[in-house]
Amino acid sequence: MARTGPAPPAPRLEHPGVRMAAVVAGFHRELSERLLEAARARLAESGLPDGHLEVFWVPGAFELPLAARTVALRRRYAAVIAIGVVIRGETAHFDHICTAAASGITAVGLETGVPCTFGVLTCETMEQAVARSGGDKGNAGENAADAAVAMANLVAEGR
């Protein structure tokens, strides 16, 4: 569903001194960069200071769970945002990559207690990916950043 108006206000980061990490898949790099920049801008709106988002590039979406786990275990980050783009091709490869990325990122958050959000587009076509990375369907990077802020706030309350 297309966004019909401006994005809702960014959630406020309750502990703005924290650091966050983004693990970003380099496959479909131009689209991943659009998602990352939207996430970065949204985190700034939420109150994350400039320089408090560290970015780690990996080859593709399949590598995102291990990268997320690696940075989560450093215990320096209030949340990890996984960003990438997977577009269906002619083989079952798409299904395997999407399943591995989604279940792996979920497992990292549960295993480490560090919120890991899913900013990975899993689209049927390039047109869908473009629409969801800053086109007429918004930008999933913003959504992943909002989730990271909300979850970082929630986890911080329990500590």
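Structure notes:
- 16 Å reach of a label modelled at residue 159, 7 Å along Cα-to-Cβ, counting backbone N of segment 52-73: 52-54, 71-73
- When the GluC sites (Glu not before Pro) in segment 51-113 are filtered for DSSP coil states and for at most 15 other beta-carbon atoms within 10 Å of their beta-carbon, the remaining sites are 90.
- From most to least packed by mean Cβ count within 10 Å, the peptides 32-43, 9-20, 118-129 give 32-43, 118-129, 9-20.
- Top of 99, 70, 91 by mean-square fluctuation, Gaussian network on the chain, Cα under 10 Å: 91
- Answer label for percent of Cα pairs over 20 Å apart (calculated), chosen among [x] 51; [y] 57; [z] 45: [z]
- Share, in percent, of DSSP beta bridges within the chain that are antiparallel, nearest 5: 10
- The phi-based Karplus calculation (6.51 cos²θ - 1.76 cosθ + 1.60; θ = phi - 60°) puts the 3J(HN,Hα) values of segment 12-20 at 8, 6, 6, 10, x, x, 6, 10, 10 Hz, whole numbers, x for Gly and Pro.
- The chain: relative contact order as a whole-number percent, Cα under 8 Å and 6+ apart: 30
- Within the chain, helix-based [θ] at 222 nm, where runs of 4 or more DSSP H residues each add -39,500 (n - 2.57), nearest 500: -14500 deg cm²/dmol
- Highest mean first, the peptides 74-82, 149-157 sorted by other C-beta atoms within 10 Å per residue fall in the order 74-82, 149-157.
- Taking amide H as placed 1.01 Å from N in the peptide plane, the amide H of residue 88 sits under 5 Å from that of 123, 124, 125, each at least 5 places away or on another chain.
Just so you know, all these numbers are worked out from the coordinates, no wet-lab data involved. It should be emphasised that the depicted structure is a prediction, and the values quoted were computed from it without experimental measurement. Note: ideal-geometry Cβ built from the backbone for every residue, glycine included; neighbour counts use all protein chains shown.
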